[in-house]
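Here is the structure we will look at.
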Amino acid sequence: MTGASALYSKRAALYVRLIRLIGYQKGLERVLAVKMSEALKGGARVMDAGCGAGAATFALIAAFRRLGRRPARIDGFDLTPAMLDRFRKKLDRNGIADVRLRQADVLDLENSLPPGWLNYDLVITSAMLEYLPRERFPEALASLRGRLAPEGRLLFFISRKGRFNRWAIERWWHANCYDQSEIERALRSAGFGIINFHRFDAPYTFLNSWGYAVEAY
Ligand SMILES: C[S@@+](CC[C@H](N)C(=O)[O-])C[C@H]1O[C@@H](n2cnc3c(N)ncnc32)[C@H](O)[C@@H]1O
């Protein structure tokens, strides 16, 4: 078991409680529905990369609903079985049967995803890319780009560099933080041409001190 997988096996319940406490999923839902609505097309095929217990997927489902649209299907993968178990239980509790989940490593998608998991209109990833070794960040972005349909978009949420995050994200949650220019550089080297940084609106503006909401295609 790798570092991130061991961490999230041990701290799955703590992580889920913590993000519920700060309203993370609601913050994602709002920025998705308000700032990224153009990317949320009815009938979209969606993949949640590093889905964990499902915060981004549930935010996305709610954002689509707010816009009066529906995705065609949602697939999700994560490295940690304990997080996927939590996600499955939450889907069951909510009566959602059409989300497919797999255990997979974003750094080895060729060998760990089912062969048909390609051509997505939308790939979303939240608070996962920070767990990769810094030097493999562009490679992971390129491999997610490789899963997109020609007009597809990558939407991601990632911890930013800052004094609070040095303690909260780097020390406590053992993850990397990035600044805007590092993210832009990595996206360009992964082949993305259009890059938009969005801000979280009130009442979720506190999430701007945590991280970036990024759209790339
Ligand atoms: C902070 S949690 C985020 C979970 C979820 N996306 C969310 O927004 O709540 C980080 C997740 O990334 C997953 N992860 C870390 N490294 C990964 C990798 N190489 N491939 C796939 N998932 C990974 C962990 O297992 C964990 O579930």
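Identify, from the list Asp75, Asp48, the residue that is under 23 Å from Tyr212 (Cβ atoms), at pLDDT 95 or above and under 15 Å from the mean Cα position of the chain (by Cα).
Values: Asp75 fails: under 23 Å from Tyr212 (Cβ atoms).
Exactly one of Asp75, Asp48 is under 23 Å from Tyr212 (Cβ atoms), at pLDDT 95 or above and under 15 Å from the mean Cα position of the chain (by Cα), namely Asp48.
On the basis of being in contact with a Pro (Cβ under 7 Å, 6 or more places away or on another chain), farther than 19 Å from Ile158 by Cα and of a type outside the set (Val, Ile, Thr), does Phe64 make the cut? Yes, satisfied. Cβ-Cβ distances below 7 Å connect the following pairs, each with a first residue in the range 1-28 that is in a helix (DSSP H, G or I), a second residue that is of a type in the set (A, V, I, L, M, F, W, C) and away from the ligand (no atom under 11 Å from the Cβ), and a separation of six or more residues or different chains: Gly27/Phe200; Gly27/Leu207. Please find, within the range 158-200, the residue that is surrounded by the most Cβ atoms within 10 Å (Cβ to Cβ) out of those that are part of a helix (DSSP H, G or I) and either touching a Leu at 6+ places or on another chain (Cβ under 8 Å) or small (Gly, Ala, Ser) (or both). So, considering only residues that are part of a helix (DSSP H, G or I) and either touching a Leu at 6+ places or on another chain (Cβ under 8 Å) or small (Gly, Ala, Ser) (or both), the one surrounded by the most Cβ atoms within 10 Å (Cβ to Cβ) is Leu187.
Would you check which residues across the range 201-217 are over 20 Å from Phe137 (Cα atoms) and surrounded by 18 or more Cβ atoms within 10 Å (Cβ to Cβ) and list them? If you could, list the steps in order and put the result at the bottom.
Kept after step one, since they are over 20 Å from Phe137 (Cα atoms), are these residues of the range 201-217: 201-209.
Listed by number, the residues that qualify are Tyr204, Leu207.
Yes or no, residue by residue, for (1) farther than 17 Å from Ala4 by Cα; (2) small (Gly, Ala, Ser):
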residue	(1), (2)
Ser37	yes, yes
Cys51	no, no
Arg65	yes, no
Gly68	yes, yes
Asp78	no, no
Asn94	yes, no
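Among the residues in the range 24-45, are any within 19 Å of Ala175 (Cα to Cα) and either hydroxyl-bearing (Ser, Thr, Tyr) or modelled with pLDDT of 95 or more (or both)? Before the answer, list the steps.
Residues of the range 24-45 that are within 19 Å of Ala175 (Cα to Cα), as a first pass: 24.
Of the ones still in play, those that are also either hydroxyl-bearing (Ser, Thr, Tyr) or modelled with pLDDT of 95 or more (or both) are 24.
So far as the range 24-45 goes, yes, one or more of its residues are within 19 Å of Ala175 (Cα to Cα) and either hydroxyl-bearing (Ser, Thr, Tyr) or modelled with pLDDT of 95 or more (or both).
On the given criteria, is Ala59 of a type in the set (Gly, Ala, Ser) and within 16 Å of the chain's Cα centre (by Cα)? Give the steps one after another, and end with the answer.
Working: of a type in the set (Gly, Ala, Ser): yes; within 16 Å of the chain's Cα centre (by Cα): yes.
Against the criterion (of a type in the set (Gly, Ala, Ser) and within 16 Å of the chain's Cα centre (by Cα)), Ala59 qualifies.
From Leu84, Leu28, Leu107, which residue is within 12 Å of the ligand (Cβ to nearest atom), in contact with a Leu (Cβ under 6 Å, 6 or more places away or on another chain) and not acidic (Asp, Glu)? Steps first, answer last, please.
Working: Leu28 fails: in contact with a Leu (Cβ under 6 Å, 6 or more places away or on another chain); Leu107 fails: in contact with a Leu (Cβ under 6 Å, 6 or more places away or on another chain).
Every option except Leu84 fails the conditions.
Scanning the range 123-180 for residues being among the aliphatic types (A, V, I, L, M), within 25 Å of Lys10 (Cα to Cα) and within 11 Å of the ligand (Cβ to nearest atom) gives a total of 9.
Could you list, in sequence order, all residues of the range 92-103 that are surrounded by fewer than 20 Cβ atoms within 10 Å (Cβ to Cβ) and either more than 9 Å from the ligand (Cβ to nearest atom) or hydrophobic (A, V, I, L, M, F, W, C) (or both)?
Asp92, Arg93, Asn94, Gly95, Ile96, Ala97, Asp98, Arg100, Arg102, listed by residue number.
In the range 54-84, which residue that is charged (D, E, K, R) and in contact (Cβ under 8 Å) with a residue 24 or more places away in the chain is nearest to Gly27 (Cα to Cα)? Applying the filter and picking the extreme gives Arg66. In the range 131-155, what count of residues is obtained for those that are under 21 Å from Glu29 (Cα atoms) and in contact with a helix residue (DSSP H, G or I) (Cβ under 7 Å, 6 or more places away or on another chain)? Total satisfying the criteria: 3. For beta carbons closer than 9 Å, sequence separation of 6+ or different chains, a first residue in the range 37-53 that is without any contact (Cβ under 8 Å) to a residue 40 or more places away in the chain and a second that is within 16 Å of the ligand (Cβ to nearest atom), the qualifying pairs are Ser37/Ala63.
The values are calculated or read from the model by the stated rules, or taken from the named source; none is laboratory data. Only a predicted model underlies this, so the values are computations on that prediction, with no experimental measurement involved. FYI the Cβ positions are ideal-geometry reconstructions off the backbone, even for glycines, and counts take in every protein chain you see.
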